[in-house]
Amino acid sequence: MDDALLVANLVYIGTLILGGVLFAFLAAAFGITLLIAGAGQGIASIIGLLLRPLRRTAGQTAAERTTADAADADHIRTAVIAKADAILASQRAAAVASSEAASSARDPKRDATGATQAEDEDVAVPAAAPAASTTAVEATVTLVRPAASRPIHTGTQPVLAVGRAS
(Lines give C-alpha, C1' and ligand atoms only; values in the text may rest on other atoms or scores of the structure.)
Protein backbone atom coordinates (compact mmCIF):
# COMPACT_ATOMS: atom_id res chain seq x y z
CA MET A 1 0.00 0.00 0.00
CA ASP A 2 1.19 3.43 -0.84
CA ASP A 3 1.99 5.89 1.92
CA ALA A 4 -0.02 8.68 0.31
CA LEU A 5 -3.05 6.45 -0.02
CA LEU A 6 -2.71 5.37 3.58
CA VAL A 7 -2.58 8.95 4.78
CA ALA A 8 -5.60 9.91 2.68
CA ASN A 9 -7.59 6.97 4.03
CA LEU A 10 -6.64 7.76 7.62
CA VAL A 11 -7.64 11.42 7.20
CA TYR A 12 -10.90 10.38 5.58
CA ILE A 13 -11.75 7.83 8.26
CA GLY A 14 -10.65 10.22 11.04
CA THR A 15 -12.88 12.94 9.64
CA LEU A 16 -15.86 10.56 9.53
CA ILE A 17 -15.23 9.41 13.09
CA LEU A 18 -14.74 12.94 14.38
CA GLY A 19 -17.91 14.14 12.57
CA GLY A 20 -19.87 11.19 13.95
CA VAL A 21 -18.71 11.92 17.51
CA LEU A 22 -19.64 15.61 17.14
CA PHE A 23 -23.04 14.66 15.69
CA ALA A 24 -23.67 12.26 18.57
CA PHE A 25 -22.67 14.99 21.08
CA LEU A 26 -25.04 17.53 19.49
CA ALA A 27 -27.90 14.99 19.39
CA ALA A 28 -27.35 14.15 23.07
CA ALA A 29 -27.25 17.87 23.99
CA PHE A 30 -30.49 18.48 22.06
CA GLY A 31 -32.16 15.50 23.77
CA ILE A 32 -31.04 16.66 27.21
CA THR A 33 -32.31 20.19 26.45
CA LEU A 34 -35.71 18.78 25.48
CA LEU A 35 -35.84 16.70 28.68
CA ILE A 36 -35.01 19.75 30.83
CA ALA A 37 -37.60 21.91 29.00
CA GLY A 38 -40.24 19.18 29.39
CA ALA A 39 -39.50 18.80 33.09
CA GLY A 40 -39.73 22.59 33.54
CA GLN A 41 -43.04 22.69 31.70
CA GLY A 42 -44.35 19.84 33.85
CA ILE A 43 -43.33 21.62 37.05
CA ALA A 44 -44.94 24.86 35.80
CA SER A 45 -48.17 22.98 35.01
CA ILE A 46 -48.26 21.39 38.47
CA ILE A 47 -47.69 24.78 40.14
CA GLY A 48 -50.42 26.29 37.94
CA LEU A 49 -52.87 23.58 38.98
CA LEU A 50 -52.05 24.18 42.63
CA LEU A 51 -52.46 27.96 42.30
CA ARG A 52 -55.66 27.86 40.21
CA PRO A 53 -58.02 28.12 43.26
CA LEU A 54 -56.08 31.17 44.47
CA ARG A 55 -56.36 32.85 41.06
CA ARG A 56 -60.11 32.16 40.97
CA THR A 57 -60.51 33.88 44.37
CA ALA A 58 -58.43 36.82 43.18
CA GLY A 59 -60.59 37.02 40.03
CA GLN A 60 -63.77 37.11 42.12
CA THR A 61 -62.26 39.87 44.28
CA ALA A 62 -61.36 41.83 41.14
CA ALA A 63 -64.95 41.40 39.87
CA GLU A 64 -66.34 42.72 43.16
CA ARG A 65 -63.89 45.63 42.99
CA THR A 66 -65.01 46.38 39.41
CA THR A 67 -68.66 46.37 40.54
CA ALA A 68 -67.84 48.79 43.38
CA ASP A 69 -65.94 51.05 40.96
CA ALA A 70 -68.94 51.06 38.60
CA ALA A 71 -71.23 52.04 41.50
CA ASP A 72 -68.82 54.83 42.46
CA ALA A 73 -68.78 56.01 38.84
CA ASP A 74 -72.61 56.12 38.83
CA HIS A 75 -72.62 58.26 41.98
CA ILE A 76 -69.98 60.56 40.54
CA ARG A 77 -71.89 60.87 37.26
CA THR A 78 -75.09 61.66 39.19
CA ALA A 79 -73.30 64.31 41.26
CA VAL A 80 -71.78 65.93 38.18
CA ILE A 81 -75.14 66.01 36.39
CA ALA A 82 -76.87 67.49 39.47
CA LYS A 83 -74.18 70.17 39.75
CA ALA A 84 -74.49 71.03 36.05
CA ASP A 85 -78.30 71.19 36.36
CA ALA A 86 -78.02 73.58 39.30
CA ILE A 87 -75.63 75.84 37.39
CA LEU A 88 -77.86 75.84 34.31
CA ALA A 89 -80.99 76.58 36.38
CA SER A 90 -79.20 79.51 38.00
CA GLN A 91 -78.09 80.86 34.63
CA ARG A 92 -81.58 80.45 33.14
CA ALA A 93 -83.17 82.29 36.05
CA ALA A 94 -80.65 85.10 35.71
CA ALA A 95 -81.28 85.30 31.95
CA VAL A 96 -85.08 85.40 32.43
CA ALA A 97 -84.78 88.13 35.06
CA SER A 98 -82.41 90.09 32.84
CA SER A 99 -84.68 89.82 29.80
CA GLU A 100 -87.73 90.88 31.85
CA ALA A 101 -85.85 93.87 33.19
CA ALA A 102 -84.66 94.80 29.69
CA SER A 103 -88.14 94.45 28.18
CA SER A 104 -89.72 96.59 30.91
CA ALA A 105 -87.02 99.22 30.39
CA ARG A 106 -87.63 99.23 26.61
CA ASP A 107 -91.44 99.28 26.76
CA PRO A 108 -92.43 102.74 28.06
CA LYS A 109 -96.14 101.83 28.16
CA ARG A 110 -95.57 99.33 31.00
CA ASP A 111 -95.42 100.58 34.53
CA ALA A 112 -93.80 98.87 37.51
CA THR A 113 -96.74 96.50 37.92
CA GLY A 114 -96.51 95.37 34.30
CA ALA A 115 -99.84 96.90 33.21
CA THR A 116 -99.95 98.83 29.95
CA GLN A 117 -100.79 102.51 29.98
CA ALA A 118 -103.29 104.13 27.66
CA GLU A 119 -102.15 105.27 24.19
CA ASP A 120 -103.01 108.94 24.70
CA GLU A 121 -100.99 109.52 27.84
CA ASP A 122 -97.61 111.17 27.70
CA VAL A 123 -94.95 108.86 29.02
CA ALA A 124 -91.56 109.85 30.34
CA VAL A 125 -88.94 107.59 28.81
CA PRO A 126 -85.81 107.10 30.87
CA ALA A 127 -82.63 107.93 28.96
CA ALA A 128 -80.67 104.72 28.40
CA ALA A 129 -81.07 103.43 31.90
CA PRO A 130 -79.02 100.34 32.62
CA ALA A 131 -80.93 97.14 33.20
CA ALA A 132 -82.05 96.59 36.76
CA SER A 133 -79.78 94.39 38.82
CA THR A 134 -80.82 90.79 38.78
CA THR A 135 -80.75 88.47 41.71
CA ALA A 136 -79.36 85.02 41.12
CA VAL A 137 -81.60 82.18 42.00
CA GLU A 138 -79.78 79.62 44.12
CA ALA A 139 -80.70 76.00 43.71
CA THR A 140 -80.24 73.53 46.52
CA VAL A 141 -79.09 70.07 45.51
CA THR A 142 -79.14 67.20 47.98
CA LEU A 143 -77.27 64.05 47.05
CA VAL A 144 -78.12 60.78 48.74
CA ARG A 145 -75.36 58.18 48.54
CA PRO A 146 -75.08 54.76 50.11
CA ALA A 147 -72.11 54.08 52.34
CA ALA A 148 -69.08 53.42 50.17
CA SER A 149 -65.90 51.58 50.96
CA ARG A 150 -63.78 54.51 49.81
CA PRO A 151 -64.43 58.27 49.46
CA ILE A 152 -66.33 59.48 46.43
CA HIS A 153 -64.81 62.42 44.58
CA THR A 154 -67.24 64.92 43.10
CA GLY A 155 -66.40 67.71 40.73
CA THR A 156 -66.75 68.75 37.16
CA GLN A 157 -64.25 66.22 35.82
CA PRO A 158 -65.02 62.49 35.89
CA VAL A 159 -62.78 60.21 37.91
CA LEU A 160 -61.40 57.29 35.98
CA ALA A 161 -60.96 53.92 37.64
CA VAL A 162 -58.24 51.98 35.88
CA GLY A 163 -57.58 48.31 36.54
CA ARG A 164 -55.65 45.45 35.05
CA ALA A 165 -57.44 43.39 32.44
CA SER A 166 -55.64 40.14 33.11
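The values are calculated or read from the model by the stated rules, or taken from the named source; none is laboratory data. All values derive from a computational prediction rather than experimental measurement. Glycine also receives a Cβ, built like all others from the backbone with ideal geometry; neighbour counts cover every protein chain displayed. The protein model used for the area step is the full one, side chains on, heavy atoms only, and it has no ligands, DNA or RNA in it. Shrake-Rupley method; radii C 1.70, N 1.55, O 1.52, S 1.80 Å.
Length gained on full extension, Val21 to Ala39: 3.8 nm, using 0.36 nm per residue less the C-alpha separation. Share of carbon and sulfur in the accessible area of the range 12-94 stands at 75%, probe radius 1.4 Å.
Computed FRET efficiency, Cβ-Cβ of Ser103 and Thr78, R0 45 Å: what is it to the nearest 0.05? It comes to 0.75.
Given a Förster radius of 35 Å and the C-beta distance between Ala8 and Ala29 as r, what FRET efficiency does 1/(1 + (r/R0)^6) yield to the nearest 0.05? Using R0 = 35 Å, I get an efficiency of 0.65. Can you list, bin by bin at 10 Å, the percent of alpha carbon pairs in the range 1-86, starting at 0? It works out to 13, 14, 12, 12, 11, 10, 9, 7, 5, 3, 2, 0, in whole percents.
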